[in-house]
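Each remark here refers to the structure printed beneath this line.
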Amino acid sequence: MAAAKKTPAKARPSAPAPAAKPEGTGIDLVVTPKVSGFRRAGRAFAGETRIPLDELSDEQYEQLTTEPMLVTYLADATPAADAEAADGAPDA
């Protein structure tokens with residue numbers, strides 16, 4: 001009986017982000033590090049982080065979306081009121 005080979009699992013790359021930073025508001029770049037505490041583009045990442053595209057320069061966007069240690073994708077921004085309701089914070 002042959003022994004099964006143990007091969008390490010290959011990292012699955014994230015979906016490719018657009019080459020150029022999209023224009024407009026209401027879009028977030030969602031960033032998840034493969035290692036907690038990973039730093040890139042002047043930011044530290046631990047868990048899923050949502051960054052409005054308005055806060056990123058073109059250079060920072062490129063650094064984040066091309067970094068193999070980060071999984072990134074674009075998503076619609078969550079309005080502040082919806083985020084507070086999801087956290088259980090009382091309405092003002």
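Counting only residues that are of a type in the set (D, E, K, R) and in contact with a helix residue (DSSP H, G or I) (Cβ under 8 Å, 6 or more places away or on another chain), the stretch 29-42 holds 1 of them. What do you reckon, is A11 in contact with a strand residue (DSSP E or B) (Cβ under 9 Å, 6 or more places away or on another chain), under 14 Å from V71 (Cβ atoms), modelled with pLDDT under 75 and open to solvent by less than 90 Å² (accessible area, probe 1.4 Å)? Taking the combined requirement at face value, the residue does not satisfy it.
So that you can scan it fast, the table gives a plain yes or no per residue for (1) in contact with a Leu (Cβ under 9 Å, 6 or more places away or on another chain); (2) open to solvent by less than 100 Å² (accessible area, probe 1.4 Å); (3) at pLDDT 90 or above; (4) among the basic types (K, R):
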residue	(1), (2), (3), (4)
K5	no, no, no, yes
V31	yes, yes, yes, no
V35	no, yes, yes, no
E48	no, no, yes, no
L56	yes, yes, yes, no
M69	no, yes, yes, no
T72	yes, yes, yes, no
G88	no, yes, no, no
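For the criterion of being modelled with pLDDT of 90 or more and open to solvent by 60 Å² or more (accessible area, probe 1.4 Å), E84 fails. The residues in the stretch 58-67 that are within 15 Å of I27 (Cβ to Cβ) and open to solvent by less than 40 Å² (accessible area, probe 1.4 Å) can be counted, and the count is 3.
The values are calculated or read from the model by the stated rules, or taken from the named source; none is laboratory data. In this text the structure is predicted, and so the values were computed from the model without any measurement. Ideal geometry is used to build each Cβ from the backbone, glycine not excepted, and the neighbour counts take in all protein chains shown. Please note that ligands, DNA and RNA were not included when accessible areas were found on the heavy atoms of the full protein model with its side chains. Shrake-Rupley method; radii C 1.70, N 1.55, O 1.52, S 1.80 Å.
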